[in-house]
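Written below as structure tokens is the structure these notes are about.
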Amino acid sequence: MPNPAINIYKQRRSQYVIGKDIPISQTVVTALIKEAVKQAPTSFNSQSSRAVILFNEQHDKFWQLVMDTLRKIVPADSFEPTEKKINSFAAGAGTVLFFEDQDVIKGLQDKFPLYADNFPVWSEHATGIAQFAVWTALSEADIGASLQHYNPIIDDAVFETWDLPSSWRLRAQMPFGSHEAPFGEKTFMNDEERFRVFS
């Protein structure tokens with residue numbers, strides 16, 4: 001089934017071994033991430049997704065913040081695997097922090113009370129689509145990435161460090177960088193267990 005979009009989706013994989021030698025400039029990466037988020041669809045065209053893009057010492061600062069936070073809650077005698085994992089993300093060229101603006105969601109709930117319960121759910125859809133859009137765009141630029149979730153334990157430190165609006169809610173973190181190892185094997189469950197087709 002030759003399809004350009006499907007081929008691009010197939011090349012997007014979780015890359016956990018990343019480095020700083022990305023093939024495009026930080027300026028181009030930033031423009032790519034911005035455009036991917038802007039083009040990601042949202043319910044009612046709410047445009048609720050927000051992104052913080054960290055490079056260089058700001059990227060390092062973020063993963064040190066994660067390390068320091070985890071060190072307080074992970075037992076010292078079993079911290080080595082955690083430290084190794086966080087260092088692997090810090091080895092990359094940058095990180096995208098994904099947020100959803102709760103003021104936008106609240107505004108939609110007030111304006112369309114019939115759908116009020118759905119807007120937080122649709123917001124989660126929006127951030128997932130934005131994350132996939134950015135991840136796929138990075139992959140197409142030959143940049144490896146993975147999706148991480150250290151929120152909410154890092155939230156207070158993140159908002160204090162980068163002075164972010166209180167209405168933003170952190171949803172995910174995406175470290176990215178050059179490919180420094182091949183991908184692992186990806187397996188799939190049987191289609192019969194996953195899909196139903198009626199005609």
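Structural remarks
- If the condition is being open to solvent by less than 20 Å² (accessible area, probe 1.4 Å) and either within 12 Å of the chain's Cα centre (by Cα) or closer than 22 Å to S123 by Cβ (or both), then region 168-192 contributes L170, A172, Q173, M174, P175, F176.
- In region 166-190, the residues that are modelled with pLDDT under 95 and among the basic types (K, R): K186
- Condition check for I129: farther than 20 Å from S48 by Cα, modelled with pLDDT of 95 or more, of a type outside the set (S, T, N, Q) and touching a strand residue (DSSP E or B) at 6+ places or on another chain (Cβ under 9 Å): no
- Taken together, the residues in region 143-199 that are among the aromatic types (F, W, Y) and within 25 Å of V17 (Cα to Cα) amount to 4.
- Residue match in region 154-167 (condition: of a type in the set (V, I, T), open to solvent by 20 Å² or more (accessible area, probe 1.4 Å), touching a helix residue (DSSP H, G or I) at 6+ places or on another chain (Cβ under 7 Å) and outside any helix (DSSP H, G or I)): no
- Qualifying positions in region 1-21 - open to solvent by less than 60 Å² (accessible area, probe 1.4 Å) and not in a loop (DSSP other than H, G, I, E, B): A5, I6, I8, S14, I18, G19
- Residues of region 142-152 classified as in contact with a Phe, Trp or Tyr (Cβ under 6 Å, 6 or more places away or on another chain) and either surrounded by 23 or more Cβ atoms within 10 Å (Cβ to Cβ) or of a type in the set (A, V, I, L, M, F, W, C) (or both), total: 2
The values are calculated or read from the model by the stated rules, or taken from the named source; none is laboratory data. What you are looking at is a predicted structure, and each value in this text was computed from that prediction instead of being measured. Cβ sites come from the backbone with ideal geometry, for glycine too, and all protein chains shown count toward neighbours. In case anyone asks, the SASA skips ligands and DNA or RNA and just uses the protein heavy atoms, side chains included. Shrake-Rupley method; radii C 1.70, N 1.55, O 1.52, S 1.80 Å.
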